[in-house]
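Here is the structure we will look at.
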Amino acid sequence: MTECLRDPLRAAVLGKGAWPIFLHGEAGSGKTLAALCVGDWCGDCAYVDMPTLCHMVNDAAFGRLLDDDGSAIQVTAVWKNWANANLAIIDEIGSRGKVSDAHFETLKMTLDSRERLNKPLIAISNLDPEALANVYDDRIASRLSAGTVCRVDGDRRLEIHDAQAVDSPSPAAAKRRVG
Ligand SMILES: Nc1ncnc2c1ncn2[C@@H]1O[C@H](COP(=O)(O)OP(=O)(O)OP(=O)(O)O)[C@@H](O)[C@H]1O
Ligand SMILES: [Mg+2]
């Protein structure tokens with residue numbers, strides 16, 4: 001797990017830090033991996049990213065979301081599953097510059113349904129609260145800023161790529177090394 005996240009995540013899990021946890025920062029900085037580590041530790045964890053959740057809610061509304069037996073999953077069942085999990089993780093918030101009303105309402109429900117039950121939530125975005133206030137509004141930014149907010153820097157994907165490509169660096173890696 002990314003070093004700077006270990007202490008705040010441990011504090012929250014031990015009941016010594018505030019929920020929800022909001023992880024934001026650079027692409028590839030380890031936000032998703034760190035959240036999934038907490039999810040593994042909790043056991044019963046619901047993980048979904050915003051684009052997928054929006055599709056799920058939309059498909060459920062039109063009877064197109066099916067379980068393994070081919071039965072339609074209702075919208076209420078999607079939210080019940082989300083509310084019941086010990087830990088819920090919502091990833092890729094604000095990954096598009098513009099959001100529809102339905103997307104906005106889905107995110108608000110995602111946050112409020114956990115807050116209402118006082119249950120732990122980890123929310124993840126590449127955008128900071130200020131930028132999210134521009135994409136969504138102040139109410140979303142306020143909800144995401146109400147607990148533990150962690151900024152994560154450093155693209156680990158590039159680090160991994162650079163380490164694997166010492167003998168034949170990509171143009172980007174070569175440029176970084178020269179610079
Ligand atoms: N602590 C770590 N040690 C080594 N590798 C790590 C660590 N954390 C993350 N990684 C690796 O770095 C890459 C990016 O991690 P991850 O997908 O969690 O980043 P992210 O911040 O969620 O990125 P994005 O914003 O693009 O979704 C992955 O290949 C992951 O396995
Ligand atoms: Mg991610």
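Data overview
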{"quantity": "Sparse-neighbour loop sites [chymotrypsin sites (Phe, Trp or Tyr not before Pro); region 30-92; at most 11 other C-beta within 10 Å; DSSP]", "calculated": "62"}
{"quantity": "Residue order, fewest to most surrounding Cβ atoms within 10 angstrom, among 56, 50, 1", "calculated": "1, 56, 50"}
{"quantity": "Packing-based ranking, highest mean first, of 116-124, 132-140, 64-72, 93-101 given that Cβ atoms within 10 Å are counted", "calculated": "116-124, 132-140, 93-101, 64-72"}
{"quantity": "Globularity index of region 18-59, i.e. its alpha-carbon radius of gyration over 2.2 N^0.38 Å", "calculated": "1.35"}
{"quantity": "Helix 75-84 axis, angle to the chain major axis (alpha carbon atoms, nearest 10°)", "calculated": "60 degrees"}
{"quantity": "For residue 49, distant residues with modelled amide H under 5 Å away", "calculated": "91"}
{"quantity": "Angle in degrees between helix 50-61 and the longest Cα principal axis of the chain, rounded to the nearest 10", "calculated": "20 degrees"}
{"quantity": "For region 77-110 versus region 5-40, the gap between their alpha-carbon centres in whole angstrom", "calculated": "18 Å"}
{"quantity": "Value of [θ]222 nm, deg cm²/dmol, for the chain, DSSP H segments ≥ 4, -39500 (n - 2.57) each, nearest 500", "calculated": "-15500 deg cm²/dmol"}
{"quantity": "Pairwise Lys count, the chain - Cα closer than 23 Å, eight or more residues apart or different chains", "calculated": "9"}
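Read-outs throughout are calculated quantities, based only on the coordinates presented, and are distinct from any laboratory measurement. Because the structure is a prediction, the values reported are computed rather than measured. Every residue, glycine as well, gets a Cβ built from its backbone with ideal geometry; the counts of neighbours run over all protein chains shown.
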